[in-house]
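Structure, as structure tokens:
The values are calculated or read from the model by the stated rules, or taken from the named source; none is laboratory data. Because the structure is a prediction, the values reported are computed rather than measured. Backbone-built Cβ (ideal geometry, glycine too); neighbour counts: all protein chains shown. The accessibility values were calculated without ligands, DNA or RNA, using every heavy atom of the protein model including side chains. Shrake-Rupley method; radii C 1.70, N 1.55, O 1.52, S 1.80 Å.
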Amino acid sequence: MQKSKRAPGVRRAEIRRILRTQQSATVEELCALLNASPATIRRDLAALEDNDELERSHGGAAVPLLREAEQNFAQREAIDAEEKQAIAEAILPLLAPGSTLFMNDGSTVMAIAKLIVESGIELFVATPAVNVAAKLSESKSITACLLGGFVRQSSLATSGPFAEAMAAQINADLAIISPDGLHPEQGLTFLNAEDAALARRMASQSKSVAAVATKTKLMSVKRVIGVAMYAVDHLVCGCSRAEIPSALTESGVNILSRSKEKA
């Protein structure tokens with residue numbers, strides 16, 4: 001069997017996600033999930049243990065019990081993980097070195113943040129997501145700006161008037177926004193009114209707007225409208241173009257999608 005050639009940082013991020021989701025795993029389980037050799041997995045576990053990110057056990061590894069919010073986020077990361085990785089890969093060419101970005105919160109945004117860190121690109125990124133800001137701060141090439149506000153345990157992100165006021169002081173080149181629903185007529189919609197308001201502020205402060213959405217969010221309308229579709233320059237999806245509803249492909253927005261199907 002041909003082993004995976006993914007970069008060590010990407011593989012170790014996946015190991016962290018797996019352990020956060022199920023608390024522990026054996027070397028054999030990780031080899032099967034990541035298509036990697038036992039020697040590679042053991043090197044990854046040793047590196048993660050050196051960074052105090054896990055505890056080695058006989059034949060595997062485990063992580064300490066997480067807070068409920070962290071556990072819930074890890075579970076969300078596991079949903080449509082392949083699509084989220086494809087979205088991250090598709091959006092990377094839009095990021096010019098030295099540019100200023102807004103990124104809101106969510107597991108899709110986290111997938112993008114991880115790939116940005118792997119790329120080593122120089123960026124200034126403003127985000128309300130505490131976990132995304134922490135991930136971005138791992139790169140010396142990135143200035144991570146955490147938008148101040150009230151932290152919601154459900155999303156691990158800030159929101160409210162303080163976050164909006166801080167965002168209003170930043171002029172960005174690109175806003176990367178992950179909505180709860182996306183529709184050609186209703187635009188980018190959200191379950192929470194404060195998330196919608198912050199997304200709207202990010203869009204208005206940016207030269208360009210990229211909406212990122214997995215297939216399950218397409219043609220979905222949630223409670224509060226955040227950003228009108230006419231304000232979106234790019235729609236970045238993790239599915240193939242053939243899977244995107246015609247109402248979206250005919251809306252005039254530039255669509256970036258998975259370039260080829262998995263074998």
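Under a model in which nothing but the beta-carbon of Lys, Arg (+1) and Asp, Glu (-1) is charged, the chain shows a dipole of about 320 debye around its Cα centre.
Summing Lys and Arg as +1 and Asp and Glu as -1 over all other residues whose Cβ lies under 15 Å from the Cβ of Ala196 gives a net charge of +1.
Between 0 and 90 degrees, the angle of helix 107-119 with respect to the longest Cα principal axis of the chain falls at about 70 degrees.
Projecting the Cα atoms of Leu156, Ala96, Ala167 onto the charge dipole of the chain, computed from C-beta unit charges around the Cα centre, puts Ala96 farthest toward the positive end.
Please go through the residue pairs Lys114/Lys222; Lys140/Lys217; Lys114/Lys215 and name each one whose alpha carbons sit more than 23 Å apart in this structure. Exceeds cut-off: Lys114/Lys222; Lys140/Lys217. For region 183-239, averaging the sequence separation of C-alpha pairs within contact (under 8 Å, six or more residues apart) and dividing by the residue count gives a relative contact order of 53 percent. Relative contact order of the chain: 14 percent, from C-alpha pairs under 8 Å at least 6 residues apart in sequence. Determine the shape class of region 122-171: with a ≥ b ≥ c the square roots of the Cα gyration tensor eigenvalues, call it rounded for a/c under 1.5, and otherwise prolate if a/b is greater than b/c, oblate otherwise. Oblate shape, in that a/c is at least 1.5 and b/c is the bigger or equal ratio. The antiparallel fraction among DSSP beta bridges confined to the chain stands at about 40%. For the pair Ala46 and Ala96 in one chain, pulling the backbone fully straight at 0.36 nm per residue adds 14.6 nm over the alpha carbon distance.
Ordering Arg42, Arg201 by accessible surface, largest first, gives Arg42, Arg201; the 1.4 Å probe counts only protein heavy atoms, with every chain in place. Once a ≥ b ≥ c are taken as the square roots of the eigenvalues of the Cα gyration tensor of region 151-263, is the result rounded (a/c under 1.5), prolate (a/b larger than b/c) or oblate (a/b not larger than b/c)? Prolate. Subtracting the Cα-Cα distance of Glu55 and Ala242 from 0.36 nm times their residue separation leaves 62.9 nm of extension gain.
Using alpha-carbon pairs under 8 Å, 6+ residues apart, how would you state the relative contact order of region 145-259 in percent? The value is 24 percent.
Estimated at 0.36 nm per residue, the fully extended path between Glu28 and Ile79 surpasses their Cα-Cα distance by 16.1 nm.
Among residues other than Glu49 with Cβ under 9 Å from its Cβ, the summed charge is -3 (Lys and Arg +1, Asp and Glu -1).
Let me know the shape class of region 85-133, please: from the alpha-carbon gyration tensor, a ≥ b ≥ c as square roots of the eigenvalues, rounded when a/c is under 1.5, otherwise prolate if a/b is greater than b/c, or oblate. The shape class here is oblate. Rounded to the nearest 10 degrees, the inclination of helix 38-50 to the longest alpha-carbon principal axis of the chain is 70 degrees. Distance from the alpha carbon centroid of region 235-258 to that of region 23-54 works out to 36 angstrom. For the chain, the longest principal axis of the alpha carbon atoms and the long axis of helix 8-22 meet at an angle near 90°. With every protein chain in place and a 1.4 angstrom probe, the accessible-area ranking of Lys222, Lys114, largest first, reads Lys222, Lys114. Counting Lys +1, Arg +1, Asp -1, Glu -1, what net charge surrounds Pro128 among other residues with beta carbon under 10 Å of its beta carbon? Around Pro128, the charge tally is -3. Restricting to region 172-263, what percent of DSSP beta bridges are antiparallel, rounded to 5? Percentage antiparallel, nearest 5: 30.
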